[in-house]
Amino acid sequence: MEVLAALNLGDFAQYFSKMSMFPLFDLAYYIVSILYLKYEPGAVEVSRRSPVASWFSAMLYCFASYVLADVLLGNSPIDYFNNNSHVLLASAVWFESRLFHCRLWTGATRGRRTVGRVPPGGSDSCRLARRLRACLYLIFFCPLNLFYKCVAFLPVKLILVAMKEVVRVRKIAAGIHHAHHAYHNGWVIMVLTGWVKGSGVALIANFEQLLRGVWKPDTNEVMNMSFPTKASLYGAIMFTLQQTHWLPVSKNTLILLFTVFMASSKVFMTATHSHSSPFTLVESMLCKVLFSSTAGSAPHDSHSASHDAPHQPAPPSPAKSKEELNEGARKRKAKKAE
């Protein structure tokens, strides 16, 4: 704690924690989320074949954390969809992505078509929707799919990935605060709420795949956790300890430090195309000490397999039986000759 006091992060951490996420950081979060959806096998074909299923998948990629957190806390799972600004923003990103790759609207009458209409009004949601649709109209006519190429360009993508991690950490902290308000002494509930707030879409990936007609039970995120899921779990534990005053550090400072760790780790992994987790070494040591095995190993399965192998009867040799038949035929011929 003396090191943190010497760094004098208080003012900057407070400013950073109070910084608004809407619309820039949320827009980056939605762009990266839908980019990852597009990388899934068959996602582009589903968007052509069933736009409704594609839209639902995109909304789950953007808002699954809120849906799961509301379910855990006993609220309506569709409560967050009452936020029109965020839903319109995420839908616009999905629509841009779908237009670029599906080419649904082509022909000589392009210039006479409009993307959509917004009812007149002076609300922030309506003004935001008009701006998004105007930008979408311009982006749609941009040649050579420049929007997708720009956001998928590695330097731009690294910036967007870092901005997404800022939103992730903020969501974890908000989930812990919300759960602590509802269940003051429920440590497990706080950890679970913060965890699903940080990695909601990964935890319901199987359900999201069902919307696209894909069933892959072997891709269970709980059994094979990725780096964001593990980091969200560890971050939820730290924010829970801080919320219950067991971790002697301010919430603003913890948000800043954990955001720097998450953003730097994720940017490095994206730039190097690496899937290795920074927690691998520590997890291997802890698993070896606590569970007498390394992370991801299954010694009992191989041991039981080696013991079960001798008890299985050996299959009959077809070559041997054929030789016996030939020998019997020769004996019969010899007896007839005699």
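The values are calculated or read from the model by the stated rules, or taken from the named source; none is laboratory data. This structure is a prediction, so every number in the text was calculated from the model and none was measured. Every residue, glycine as well, gets a Cβ built from its backbone with ideal geometry; the counts of neighbours run over all protein chains shown. Side chains included, ligands, DNA and RNA excluded: accessible areas come from the protein's heavy atoms. Shrake-Rupley method; radii C 1.70, N 1.55, O 1.52, S 1.80 Å.
Name the single residue, out of those in the range 147-166 being out of contact with any helix residue (DSSP H, G or I) (no Cβ under 8 Å at 6 or more places or on another chain) and in a helix (DSSP H, G or I), that is least open to solvent (accessible area, probe 1.4 Å).
P155
In the range 167-188, which residues are over 19 Å from Y80 (Cβ atoms) and either part of a helix (DSSP H, G or I) or among the aromatic types (F, W, Y) (or both)?
H180, Y183, W187, V188 - these are the residues of the range 167-188 that are over 19 Å from Y80 (Cβ atoms) and either part of a helix (DSSP H, G or I) or among the aromatic types (F, W, Y) (or both).
Restricting to the range 1-26, name every residue that is modelled with pLDDT of 85 or more, open to solvent by less than 60 Å² (accessible area, probe 1.4 Å) and in a helix (DSSP H, G or I).
A13, F16, S17, F25, D26, listed by residue number.
Need pairs with beta-carbon distance below 7 Å; first residue under 14 Å from M163 (Cβ atoms) and within the range 21-47, second open to solvent by less than 30 Å² (accessible area, probe 1.4 Å) and among the charged types (D, E, K, R); sequence gap 6+ or separate chains.
A28/K164; Y29/K164; V32/K164
Does F56 fit the bill of being of a type in the set (F, W, Y) and surrounded by fewer than 22 Cβ atoms within 10 Å (Cβ to Cβ)?
yes
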